[in-house]
Structure formats: structure tokens, C-alpha cells
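Asker: Sharing a structure below in C-alpha cells format, with a few things to ask.
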Amino acid sequence: NVGVISDVSGSSWASGRGSRVQISLQCMCGNNMSVPLLADAVTVSGDERETAAVIFLHGLGDTGHGWADALSSIRLPYVKYICPHAPRIPVTLNMKMIMPSWFDLMGLNPDAPEDETGIKKAAENRKIAN
């Protein structure tokens with residue numbers, strides 16, 4: 001089984017691999033882009049043999065912690081939920097304030113320029129090796 005959930009921050013994909021892990025919220029914090037984002041993620045483990053995984057991407061300014069509690073309250077027993085943290089980068093839309101973001105946002109207008117390089121980099125950093 002493969003599960004994917006993403007909010008307005010962008011797209012993602014997940015591998016269906018999982019292993020039996022004690023029910024817990026685990027976090028190894030750090031947002032260094034040179035470290036795979038999933039290694040630093042908050043995980044919500046199932047209480048049965050995990051046969052599916054969901055990678056949930058938080059929105060602008062949030063972290064994986066922001067959704068881990070909510071996901072733990074609705075989790076399925078065979079699903080592992082993975083909540084990675086976006087790197088802290090300057091966001092043009094917010095006067096270059098440094099905040100967690102998967103890529104730069106230049107504006108809210110549909111015609112606003114897009115950070116194509118940043119979007120591609122974020123997508124590449126979220127891939128899972130089989």
C-alpha cells in the first residue's frame with residue numbers, strides 16, 4: 001500500500017514499506033538540506049505490522065510537529081505517518097523572513113513567478129530510496 005497526503009505546500013510520494021515499531025512520536029530535529037528530510041522527520045508509528053506509509057507535508061511556517069499530534073489521533077493501526085520538516089529559508093512573499101518552507105513563494109496571484117528550481121529541489125529531497 002502507498003499513501004500520500006500533501007497540503008498546499010506541494011506534492012509528494014511515499015513508499016509502502018514499513019516495519020513493526022512501538023507506538024510513539026519520534027523526532028530527530030534538524031533542517032539541513034544535505035541530510036535526507038525523511039531522516040529528520042517526526043514519525044507516528046502504527047500499533048500493528050505497518051504495511052503502508054503516509055508522508056504528510058506541512059504548510060508554510062509550520063513543522064512536522066504541527067501535524068504529528070493530529071495524525072496520531074486519527075491513525076490507522078497498520079500505517080506509519082511520516083511528517084518531515086521543511087528547511088528554513090527566506091520567503092519572498094513574507095518580506096524575505098526566514099521560516100520553514102519547501103520552496104520560495106513570490107506571490108499569491110496565479111500569475112506570480114514560481115520558484116521552479118526550489119520546487120524541483122524540494123521534490124528531489126523527498127524521494128524515498130527503495
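Computed from the coordinates by the stated procedures, all read-outs in this text should not be read as laboratory data. Model, not experiment: these values are computed from the prediction.
Asker: For the range 88-94, take each phi angle, set θ = phi - 60°, evaluate the Karplus expression 6.51 cos²θ - 1.76 cosθ + 1.60, and give the result in whole Hz per residue in order, putting x for glycine and proline.
Answerer: 8, 9, x, 10, 3, 4, 9
Asker: If you don't mind, another one. Search the structure for amide H atoms under 5 Å from the amide H of Ala52, placed 1.01 Å from N in the peptide plane, and list their residues when 5 or more places away or on another chain.
Answerer: The list, which skips near neighbours in sequence, is Lys80.
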